[in-house]
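In what follows, a single structure is set out as structure tokens and then discussed.
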Amino acid sequence: MEKDKEAVSSGVDATPAETTIFCTACSVNEKASHMCIDCDTYYCDSCLKDHNKLANLRSHLILVGDEMKSRGTKKQLPTDRCEEHNGKHVDMFCVYHKVVCCSACAAIKHRSCKNVQYIPDVSSGTKTSQDFKEALNKVKEMRGRILRVEREKYDNIQSIENEERDILKQIDEYSDQIKLKIDELAGKSKEQVKEKHDSCKKEIEEAKAKLQSFLTQIALLEKSESPEVKNESQVFVDMKKSNNIVDEVKKEMDKFEIEYKMREVKFDINKEVLTSIEKHAGLGQVQPDKAKKGWFSS
């Protein structure tokens, strides 16, 4: 009995008289009373009720009695359904377009195609065929290729993250160099301003000292000309001396006023430094992307 069950489950042809078919959906070895073509499964009465509880399974083709028992000698339909034509079986294959479809699709979309095959007629032995093995190999090969490319892209992300980190470091270092240079230029300009200021201040102080000496001479003359302390002869002498000294101081003052001008410190900003910086969009230029040769490049 167990061998008969295994024979039916494995798809080996057997006549109804020789085989008892058991439910393959439950674990109590109930005798099968129905068979679902779409699920390719045998059901007892109880398991069939569970099958039919699901709305999307109620449209499946169910065989009973002799139909079920003779299933081993009948050609099996694919379980896939056409989404476009009310769930018809995908049972046709267009050789020209290399697509599977339902009979409605074949009649509408492939009616001009010369070679449209009925799948149950041409599917026998597919599992052991060379085409099936090659198809599996192609799937495995493609899976491996996808995984390799996926790994390549992951590695690429890691590499550009490292590159980004290095570039940002370079930008920071270059920015620090520019700031250092600007600070250096600012320091030099401040030194020039201070030197000019000290020079002007020195000239002014020297001019003030010269004026003080003139004032001292004038003060002495004014004192010597006081009539209360000297006789007229001495006043005459002091007067003549003072006239000579005043004439000399006048000449010096005339010369001093011509030569001496108001000193001032000015500074003209070198706007070219800022203009030179402003005309640039950044501290460098991002190079055009040069894709490395990989799976997607030829």
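The values are calculated or read from the model by the stated rules, or taken from the named source; none is laboratory data. Please read all numbers here as calculations on a predicted model, not as lab measurements. Glycine also receives a Cβ, built like all others from the backbone with ideal geometry; neighbour counts cover every protein chain displayed. Heads up: the accessible areas ignore ligands, DNA and RNA and are worked out on the full protein's heavy atoms, side chains in. Shrake-Rupley method; radii C 1.70, N 1.55, O 1.52, S 1.80 Å.
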Residues that are in contact with a Lys or Arg (Cβ under 8 Å, 6 or more places away or on another chain), open to solvent by 50 Å² or more (accessible area, probe 1.4 Å) and either within 18 Å of Gln76 (Cβ to Cβ) or assigned to a helix (DSSP H, G or I) (or both), drawn from the range 90-113: Ser103
Out of Lys255, Lys251, Lys279, report the one residue that is modelled with pLDDT of 80 or more and charged (D, E, K, R). Lys279
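Any residue that is of a type in the set (Val, Ile, Thr) and modelled with pLDDT under 80 - is there at least one of those in the range 60-81? Before the answer, list the steps.
Here is the first cut: in the range 60-81, the ones of a type in the set (Val, Ile, Thr) are 62, 64, 73, 79.
Subset that is modelled with pLDDT under 80: 73.
Taking every residue of the range 60-81 in turn, at least one turns out to be of a type in the set (Val, Ile, Thr) and modelled with pLDDT under 80.
Out of the residues in the range 5-48 that are at pLDDT 80 or above and under 23 Å from His89 (Cα atoms), which is farthest from the chain's Cα centre (by Cα)? Spell out how you get there, then give the answer.
Initial filter on the range 5-48 (at pLDDT 80 or above): 22-23, 30-36, 42-48.
Add one more test, that the residue is under 23 Å from His89 (Cα atoms), and what stays is 34-36, 42-43, 48.
On the way: His34: 59, Met35: 56, Cys36: 53, Tyr42: 55, Tyr43: 56, Leu48: 55 Å.
The residue in question is His34.
Yes/no per residue for (1) open to solvent by 100 Å² or more (accessible area, probe 1.4 Å); (2) of a type in the set (S, T, N, Q); (3) part of a helix (DSSP H, G or I); (4) touching a Gly at 6+ places or on another chain (Cβ under 7 Å):
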{"position": "Lys133", "(1), (2), (3), (4)": "yes, no, yes, no"}
{"position": "Lys138", "(1), (2), (3), (4)": "yes, no, yes, no"}
{"position": "Tyr154", "(1), (2), (3), (4)": "yes, no, yes, no"}
{"position": "Ile160", "(1), (2), (3), (4)": "no, no, yes, no"}
{"position": "Ile167", "(1), (2), (3), (4)": "no, no, yes, no"}
{"position": "Ile178", "(1), (2), (3), (4)": "no, no, yes, no"}
{"position": "Gln192", "(1), (2), (3), (4)": "yes, yes, yes, no"}
{"position": "Lys196", "(1), (2), (3), (4)": "yes, no, yes, no"}
{"position": "Lys202", "(1), (2), (3), (4)": "yes, no, yes, no"}
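Just to check your reading of the model, which residue among Ser213, Ser224, Ser297 is modelled with pLDDT of 75 or more and open to solvent by less than 90 Å² (accessible area, probe 1.4 Å)?
Working: Ser224 fails: modelled with pLDDT of 75 or more; Ser297 fails: modelled with pLDDT of 75 or more.
Ser213 is the lone residue from the list that is modelled with pLDDT of 75 or more and open to solvent by less than 90 Å² (accessible area, probe 1.4 Å).
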Output the residues belonging to the range 22-47 that are in a loop (DSSP other than H, G, I, E, B) and among the charged types (D, E, K, R). Glu30, Asp38, Asp40
Need the failing condition index for Ser124 against (1) open to solvent by 90 Å² or more (accessible area, probe 1.4 Å); (2) at pLDDT below 90; (3) not in a loop (DSSP other than H, G, I, E, B), just the number. (3)
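Restrict the check to the range 130-151 and report whether at least one residue is free of Cβ contacts under 8 Å to residues at least 40 places away in the same chain and farther than 30 Å from Asp80 by Cα. I'd like the intermediate steps shown before the answer.
Filtering the range 130-151 down to residues free of Cβ contacts under 8 Å to residues at least 40 places away in the same chain leaves 130-144, 146-147, 150-151.
Checking the rest, the ones that are also farther than 30 Å from Asp80 by Cα come to 150-151.
Among the residues of the range 130-151, at least one is free of Cβ contacts under 8 Å to residues at least 40 places away in the same chain and farther than 30 Å from Asp80 by Cα, which makes the answer yes.
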Within the range 284-294, can you find the residues that are surrounded by 10 or more Cβ atoms within 10 Å (Cβ to Cβ) and modelled with pLDDT under 80? Gly294
Inspect all residues belonging to the range 114-121 and state whether any of them is modelled with pLDDT under 90, open to solvent by 100 Å² or more (accessible area, probe 1.4 Å) and at positive phi. no
